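Peer 1: Please see the structure below; I have some questions.
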Amino acid sequence: FPGFCGGANPSLPVIKVKAVTMRHHAILQTLVGPGEEHTTLAGLPTEASIRNAIEAAIPGFLQNVYAHTAGGGKFLGILQVKNPSDEGRRGQAAAIALATYSELKNIILVDEDVDIFDSDDILWAMTTRMQGDVSITNLSGLRGHQLDPSQSPDYSHSIRANGITCKTVFDCTVPWALKSQFERAPFMEVDPTPWAPALFQK
């Protein structure tokens with residue numbers, strides 16, 4: 001699911017196929033990872049676990065959660081949250097997510113006006129609503145997933161064992177006190193009837 005091949009495990013059983021039979025016009029449903037189908041299915045329990053945990057701790061705060069397929073459905077979580085006057089809630093939600101799903105590596109927090117299923121919108125929020133020196137929180141030495149090749153002592157001397165990682169929270173939300181300065185450009189409603197009357201006749 002991370003997009004790399006893992007090492008062969010000698011403890012896994014080996015089978016020898018002597019014959020293969022099939023029905024005429026057979027249909028085989030299978031998954032070949034990594035791919036969108038694989039990582040989307042892997043992300044569903046990730047999203048449900050995070051949503052349930054945050055909702056139990058901070059009811060009504062989390063608006064939506066997406067285990068992004070770029071993270072294999074496990075490593076990257078996008079959290080859409082309300083913008084409260086209490087600044088500490090966003091960090092609390094991120095901490096709950098990391099504690100709930102230990103394989104999470106990176107969390108991106110965004111406001112309600114950001115489409116969490118649109119990578120361009122997420123990167124727009126990261127570009128225009130985040131400052132690296134104040135908006136990024138690093139938590140090193142935590143358990144991650146050993147199938148991420150960067151979570152290895154070979155990658156950094158700071159990593160003590162395979163599967164240990166630095167988890168990062170990117171807060172791409174607007175500071176409450178500056179909310180009025182970050183309103184997205186509005187567009188007027190346009191009546192399309194004059195340009196395509198056939199499509200809008202009742």
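The values are calculated or read from the model by the stated rules, or taken from the named source; none is laboratory data. Values in this document were obtained by computation on a predicted structure and should not be read as measured data. Heads up, the Cβs are rebuilt from the backbone with ideal geometry, glycines too, and the neighbour counts pull from every protein chain shown. The accessibility values were calculated without ligands, DNA or RNA, using every heavy atom of the protein model including side chains. Shrake-Rupley method; radii C 1.70, N 1.55, O 1.52, S 1.80 Å.
Peer 1: What number of residues in segment 110-125 are over 22 Å from residue 150 (Cβ atoms) and in contact (Cβ under 8 Å) with a residue 12 or more places away in the chain?
Peer 2: 8
Peer 1: With 193, 137, 173 as the choices, which residue is touching a Leu at 6+ places or on another chain (Cβ under 6 Å), of a type in the set (Ser, Thr, Tyr) and either in a loop (DSSP other than H, G, I, E, B) or open to solvent by 40 Å² or more (accessible area, probe 1.4 Å) (or both)?
Peer 2: 173
Peer 1: Can you tell me which residues in segment 49-73 are open to solvent by less than 40 Å² (accessible area, probe 1.4 Å) and under 25 Å from residue 2 (Cα atoms)?
Peer 2: Matches in segment 49-73: 50, 53, 65, 66, 67, 68, 69, 71, 72, 73.
Peer 1: Name the single residue, out of those in segment 140-170 being in contact with a Pro (Cβ under 9 Å, 6 or more places away or on another chain) and open to solvent by less than 60 Å² (accessible area, probe 1.4 Å), that is farthest from residue 86 (Cα to Cα).
Peer 2: 161
Peer 1: Tell me, please, whether a residue that is of a type in the set (Gly, Ala, Ser), on the phi < 0 side of the Ramachandran plot and open to solvent by 40 Å² or more (accessible area, probe 1.4 Å) can be found in segment 115-128.
Peer 2: yes
Peer 1: I've got another one for you. For residue 167, which of the numbered conditions (1) of a type outside the set (S, T, N, Q); (2) in a loop (DSSP other than H, G, I, E, B); (3) within 27 Å of the chain's Cα centre (by Cα) fails to hold?
Peer 2: Among (1) of a type outside the set (S, T, N, Q); (2) in a loop (DSSP other than H, G, I, E, B); (3) within 27 Å of the chain's Cα centre (by Cα), the lone unmet condition for residue 167 is (2).
Peer 1: Quick check on segment 23-33. Is at least one of its residues under 25 Å from residue 103 (Cα atoms) and either buried (at least 16 other Cβ atoms within 10 Å of the Cβ) or in contact with a helix residue (DSSP H, G or I) (Cβ under 6 Å, 6 or more places away or on another chain) (or both)?
Peer 2: Yes: one or more hits.
Peer 1: If you don't mind, there's one more thing I want to ask. Residues that are in contact (Cβ under 8 Å) with a residue 24 or more places away in the chain and in a loop (DSSP other than H, G, I, E, B): does segment 22-33 have at least one?
Peer 2: Within segment 22-33 (the criterion being in contact (Cβ under 8 Å) with a residue 24 or more places away in the chain and in a loop (DSSP other than H, G, I, E, B)), the answer is yes, since at least one residue qualifies.
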